[in-house]
Amino acid sequence: MKKNTLRNLFTSVLAASFVTASLAGCGQAANTAAAEAADTKEEAQAEAPAETTEAAPADTVEVKTIKAATGGGPKPYVYVGEDNQPTGYDIEVLKAAFDLIPEYDLEIEVTDFPSVFAGLNAGSYQIGVNNFSYNEERAESYLYSLPYDKVSYVFVFGKDATPVKSFAEAAGLSFEGGAGVSVTNAVESWNEKNPDAQINITYTEADTTVQLQHIQDGQTSFGIIDGPMYTAYVDEYGFDIGKYDIPEEETKLIADNLYAYYILPKDETELRDKIDEAIKELKANGTLKTLSEQFFGGVDQSPEDEVLNAGKTN
């Protein structure tokens, strides 16, 4: 509208000039034309500020960058894809959660596993992503989100080896695992409670691929991993190994709590609460089920509604 006003003004001024030149002998007409031109100019000047004045823009929401750290494994929960970007069930659930939280921008960094905790402690990271199980000792130092996955476990053994179907049957056999890992803790607990039926533990920092290779080669008698991991690694690497689904009573020896969580520093309660609400929405709209089936071979491991609605773990 500003352009149109100026165009009209320019036209009026030209018209006034033409009239003035043509009717030089007719002073009254010239004066009338000049007066009309002046009036038009004044009107245009009066309208211009009103036309160009715009309402002040609404306050924009400041987007805060949140940094999440992951050790990059194990697959299918966390891994680095062919595009060299972190992915997996845990990662994609977190991305979907942040799609529901517009005031936060998510950045995910792959680092070594100990650095996840060091970064959370130092404030470099606000979220730890590594299929973390719940334990009281860790809860003293970190906040837990609501669970986004329900874990299942299997005994793994060589194809030609005698199947392991219980901790009792594993007595006298060799087990390889990482220190502080839930399955290793379970074997340690078994040994403490059953001094006459010890399982031989070899501690290792080797990744899951190496541990499964040792089981296939017979260097290790058996292992314990969760079901989706077994499926993912056998599919990708073609391991010639067997499995036995650990029954519920045996699973309780591994963990009373079979769910996976994100962990956050103790001062990130607001962020934790927003993630919790997003997880509930992802459960309600079917996203957790879809992602679980995508990464876990068609199996839905999303937590039950009653678990999500029961409240926070800490």
- Message: Among the numbered criteria (1) surrounded by fewer than 17 Cβ atoms within 10 Å (Cβ to Cβ); (2) not in a loop (DSSP other than H, G, I, E, B), which one does P102 miss?
- Response: (2)
- Item | Which listed residue is open to solvent by 30 Å² or more (accessible area, probe 1.4 Å), closer than 30 Å to E268 by Cα and at pLDDT 95 or above, from S141, S145 | S141
- Message: Conditions first: (1) among the charged types (D, E, K, R); (2) part of a helix (DSSP H, G or I); (3) over 13 Å from the mean Cα position of the chain (by Cα). K95 passes all but one, so which condition is the exception?
- Response: (3)
- Task: Among the candidates E248, E268, single out the residue that is of a type in the set (D, E, K, R) and farther than 29 Å from A118 by Cβ.
- Result: E248
- Task: Count, please, the residues in the range 119-135 that happen to be among the hydrophobic types (A, V, I, L, M, F, W, C) and open to solvent by 30 Å² or more (accessible area, probe 1.4 Å).
- Result: 1
- Query: Could you list, in sequence order, the residues of the range 175-190 that are assigned to a helix (DSSP H, G or I) and open to solvent by 20 Å² or more (accessible area, probe 1.4 Å)?
  - Reply: S182, N185, E188, S189, W190
- Task: Name, by its number, the condition in (1) open to solvent by 10 Å² or more (accessible area, probe 1.4 Å); (2) within 30 Å of the chain's Cα centre (by Cα); (3) not charged (D, E, K, R) that does not hold for P163.
- Result: (2)
- Task: Mind telling me which of the residues G286, G297 ends up being among the small types (G, A, S) and without any contact (Cβ under 8 Å) to a residue 60 or more places away in the chain?
- Result: G286
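The values are calculated or read from the model by the stated rules, or taken from the named source; none is laboratory data. These numbers come from a predicted model, not from an experiment. Cβ coordinates were reconstructed from backbone atoms using ideal geometry, including for glycine residues, and neighbour counts include every protein chain displayed. Surface areas here come from the heavy atoms of the whole protein model, side chains and all, with no ligands, DNA or RNA. Shrake-Rupley method; radii C 1.70, N 1.55, O 1.52, S 1.80 Å.
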